[in-house]
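Here is the structure we will look at, set down as structure tokens.
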Amino acid sequence: MGSILLFLGGLAVIGTWWLSRQGLASKPWLEQGAEGALPEEAPAPPYRVGLLILLAVIGSLFALFISAYAMRMQLPDWRNLPVPRILWLNTTMLALSSLALHGAKRAAERGEMPELRAYLLAAGISALAFLSGQLLAWRQLSGDGYALAANPANAFFYILTGLHGLHLLGGLVALGRTTDKAWRETTTERLRLSVELCATYWHFLFLVWLVFLSVLTGWAGGFVDICRQWLT
């Protein structure tokens with residue numbers, strides 16, 4: 001358990017540093033336009049802060065579940081279940097979706113509407129592929145006899161992946177609205193904030209998924225053990 005918590009603590013520090021650089025230091029109310037007016041995206045900081053608070057709450061929830069996972073796996077009735085190979089393909093799909101939203105953010109900043117629309121579509125399709133792959137993983141495990149109530153390890157697998165999928169599904173609602181707006185707008189001016197928030201949320205969920213995957217595969221504990229041996 002100590003190894004898992006140490007690993008999560010390190011990732012939390014990295015995640016906090018990265019999120020702190022997503023616009024909180026900006027002061028658009030001090031930026032003047034050509035005629036002294038506030039820039040169009042002046043209300044952006046409150047939305048960014050709101051998103052960061054939401055991500056902190058979600059991250060705390062996920063951390064509690066992972067801590068419970070680490071404690072429960074110490075009991076003798078714990079039986080590890082095989083990790084479906086499709087999870088690696090799903091990870092690739094989520095990575096592509098996150099990269100596509102990063103591209104969408106850059107396209108919005110440069111005012112490239114066709115590229116923005118293409119990136120948004122690619123992000124949505126990749127995210128749907130990830131969710132479909134997760135359902136296939138569930139089906140494969142249940143077909144092999146790893147039912148939800150058969151073992152605590154099975155239950156945690158379904159809960160962790162299901163909770164992550166629900167948050168991604170909620171993000172798809174916001175992404176769908178942003179994509180629909182992109183087809184109704186002629187410029188990217190009114191889309192920059194929405195795309196930025198979607199990209200930040202997606203990057204966060206991708207980081208969370210990497211943590212889940214490292215815990216479910218046992219890689220997290222092994223990595224911490226290697227670090228301990230190297231330091232000693």
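Some points to look at:
- With each label modelled as a point 7 angstrom along the Cα→C-beta vector, the Leu135-Trp183 pair spans 2.1 nm.
- In the context of the full set of protein chains, residues of region 86-220 present 45 Å² of accessible surface per residue (probe radius 1.4 Å, heavy atoms only).
- Counting protein heavy atoms only, region 86-220 has 64 percent of its accessible area on carbon and sulfur, 1.4 angstrom probe.
The values are calculated or read from the model by the stated rules, or taken from the named source; none is laboratory data. What you see is a predicted model, and the numbers here were worked out from it, not measured in a lab. All Cβ positions, even for glycine, are placed from backbone atoms using ideal geometry, and neighbour counts span all protein chains on display. Surface accessibility is based on the protein's heavy atoms, side chains included, excluding ligands, DNA and RNA. Shrake-Rupley method; radii C 1.70, N 1.55, O 1.52, S 1.80 Å.
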